[in-house]
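The values are calculated or read from the model by the stated rules, or taken from the named source; none is laboratory data. This one's a predicted model, so the numbers in the text were calculated from it and none came from an experiment. Please note: Cβ atoms are built from the backbone with ideal geometry, for glycine as well, and neighbour counts cover all protein chains shown. All accessible areas refer to the heavy atoms of the entire protein, side chains included, with ligands and DNA or RNA removed. Shrake-Rupley method; radii C 1.70, N 1.55, O 1.52, S 1.80 Å.
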Amino acid sequence: MNEQGIMAKLYFRYGAVGSAKTLNLLAVAHNYRQQNKRILILKPALDTRFGANQVRSRAGLEQEADIVLGSNDMIDETKLAGVDCLLVDECQFLESRVIDQLRFITTEYRVPVICYGLRTDFKRRLFSGSQRLLELADAIEEVKTTCAFCNKKAVYNLKMVDGFAVGPDSQGPVVELGCEEKYLPSCAGCYDAKILESASR
Ligand SMILES: [Zn+2]
């Protein structure tokens, strides 16, 4: 834990798909370990793209998560003893009550918590975990990436099915894991243009 009197911060580092959020998380974990500090990595059980316990970046680096949180779980706070930082991957999928607990962990245990995740889904609506983080976080930082179709900064996640862009009015489940190639980082202009183009085909 940190020294008395120093408030630990709650960070929300958000970015579109492909913005190397997990790579950033693993780099932070590496830096802490280099300084002989203890970190914990947490992820929601929902994200099972790469196996239940793995936190893996597209660059190929991976690491076992220390805590895999099911949808009805809360964090076991006894695990926080002696921890210098809690790192959270795919935080958009966490329940808002878990984000409340992360806030509590920073104030009560003085453990900094750094959350990485998407801000919005392909319909450009906030995920529940991301909404609560935008409400509670001390620091909100963008992890930037470039639009898949032009050179502007990506702000949205465009869903592609069989080569067609899927618009915000389409039905179906919001979360479709296991097919990550279906989501592309997109600027606002290309998001509209690709959906219009697909609708007219
Ligand atoms: Zn673009």
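Of the numbered criteria (1) open to solvent by 20 Å² or more (accessible area, probe 1.4 Å); (2) within 26 Å of L184 (Cα to Cα); (3) more than 16 Å from the ligand (Cβ to nearest atom); (4) in contact (Cβ under 8 Å) with a residue 40 or more places away in the chain, the one Y156 fails is (3).
When V88 is tested against the conditions (1) more than 16 Å from the ligand (Cβ to nearest atom); (2) modelled with pLDDT under 95; (3) in the same structural domain as D76 (by TED's automatic domain parsing), the lone failure is (2).
If the condition is being of a type outside the set (S, T, N, Q) and open to solvent by 50 Å² or more (accessible area, probe 1.4 Å), then segment 162-171 contributes D162, F164, D169.
Of the listed requirements (1) open to solvent by less than 40 Å² (accessible area, probe 1.4 Å); (2) without any contact (Cβ under 8 Å) to a residue 40 or more places away in the chain, K182 misses just one: (1). The strands (runs of 3 or more DSSP E) located wholly in segment 1-63 that include 3 or more residues which are at pLDDT below 95 occupy 54-56. Applying the criterion of being small (G, A, S) and under 17 Å from R124 (Cα atoms) to the residues of segment 135-181, the residue that is modelled with the lowest pLDDT is G172. Residue count for segment 126-153 satisfying the condition of being open to solvent by 80 Å² or more (accessible area, probe 1.4 Å) and of a type in the set (S, T, N, Q): 2. Does T78 satisfy the condition of being among the β-branched types (V, I, T), open to solvent by 50 Å² or more (accessible area, probe 1.4 Å) and either in a loop (DSSP other than H, G, I, E, B) or farther than 30 Å from R201 by Cβ (or both)? Considered against the rule, which asks whether it is among the β-branched types (V, I, T), open to solvent by 50 Å² or more (accessible area, probe 1.4 Å) and either in a loop (DSSP other than H, G, I, E, B) or farther than 30 Å from R201 by Cβ (or both), T78 comes out as yes.
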